[in-house]
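A.B. asks: Dropping a structure here in structure tokens format, bear with me for questions.
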Amino acid sequence: MDNVPEIIDIAITGGITAPVVWGCVEVAKSFAKGRKEAADDWTKPWWWNGSLRLGSLILGGGIGTALYGALNDVAGWPWGTMIGIGSGALCTTIVMVVRTKIKAA
């Protein structure tokens, strides 16, 4: 396992990828909420949360691949992709847990 990335490379890639994914998901949510408010008959669809989570994984994988490759002058696949997907999943999970705790309080 000579090609396993250093922990600092994982931390930097994940630390930058997670907030970027969070920001992009929040932008997408604001557009979708605006669309929902503009049309009275469009209720919250069953696929809403799943599509946001899937979008964060796809976006995280893309950003992680590009960022890891740029930081280390190597191909971003597979390590950057996996770090990005993990970061995307982590950021949406953390936001969901924090929002649930805030609403419960």
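A.B. asks: Residue check: is Val74 at pLDDT 85 or above and among the hydrophobic types (A, V, I, L, M, F, W, C)?
C.D. replies: On the way: at pLDDT 85 or above: yes; among the hydrophobic types (A, V, I, L, M, F, W, C): yes.
So Val74 passes the test.
A.B. asks: Within segment 1-27, which residues are at pLDDT 85 or above, within 30 Å of Ser51 (Cβ to Cβ) and aliphatic (A, V, I, L, M)?
C.D. replies: Answer for segment 1-27, where residues must be at pLDDT 85 or above, within 30 Å of Ser51 (Cβ to Cβ) and aliphatic (A, V, I, L, M): Ile10, Ala11, Ile12, Ile16, Ala18, Val20, Val21.
A.B. asks: I need a count of the residues in segment 1-34 that are more than 11 Å from Ile83 (Cα to Cα) and of a type in the set (Gly, Ala, Ser).
C.D. replies: 5
A.B. asks: Note down all Cβ pairs under 7 Å where the first residue falls in segment 78-100 and is in contact (Cβ under 8 Å) with a residue 24 or more places away in the chain, the second is of a type in the set (Phe, Trp, Tyr), and they're at least six residues apart or on different chains.
C.D. replies: Trp79/Tyr68; Gly80/Tyr68; Ile83/Tyr68; Cys91/Trp22; Val95/Trp22
A.B. asks: I'd like to check something: does segment 96-103 contain any residue that is assigned to a helix (DSSP H, G or I) and at pLDDT below 85? Reasoning before the result, please.
C.D. replies: First pass over segment 96-103, keeping only residues assigned to a helix (DSSP H, G or I): 96-103.
So of that shortlist, the ones also at pLDDT below 85 come out as 96.
Yes: segment 96-103 contains one or more residues that are assigned to a helix (DSSP H, G or I) and at pLDDT below 85.
A.B. asks: Which members of segment 57-66 meet the condition of being surrounded by fewer than 23 Cβ atoms within 10 Å (Cβ to Cβ) and over 9 Å from the mean Cα position of the chain (by Cα)? Before the answer, list the steps.
C.D. replies: Our first condition is that a residue be surrounded by fewer than 23 Cβ atoms within 10 Å (Cβ to Cβ); within segment 57-66, this holds for 57-59, 62, 66.
The answer is Gly62, Ala66.
A.B. asks: Determine, yes or no, whether Ala89 is under 16 Å from the mean Cα position of the chain (by Cα), closer than 21 Å to Asn49 by Cβ and part of a helix (DSSP H, G or I). Lay out the reasoning, then the answer.
C.D. replies: Numbers: under 16 Å from the mean Cα position of the chain (by Cα): yes; closer than 21 Å to Asn49 by Cβ: yes; part of a helix (DSSP H, G or I): yes.
So Ala89 fits the description; yes.
The values are calculated or read from the model by the stated rules, or taken from the named source; none is laboratory data. In this text, all values refer to a predicted model and were calculated from it rather than measured experimentally. FYI the Cβ positions are ideal-geometry reconstructions off the backbone, even for glycines, and counts take in every protein chain you see.
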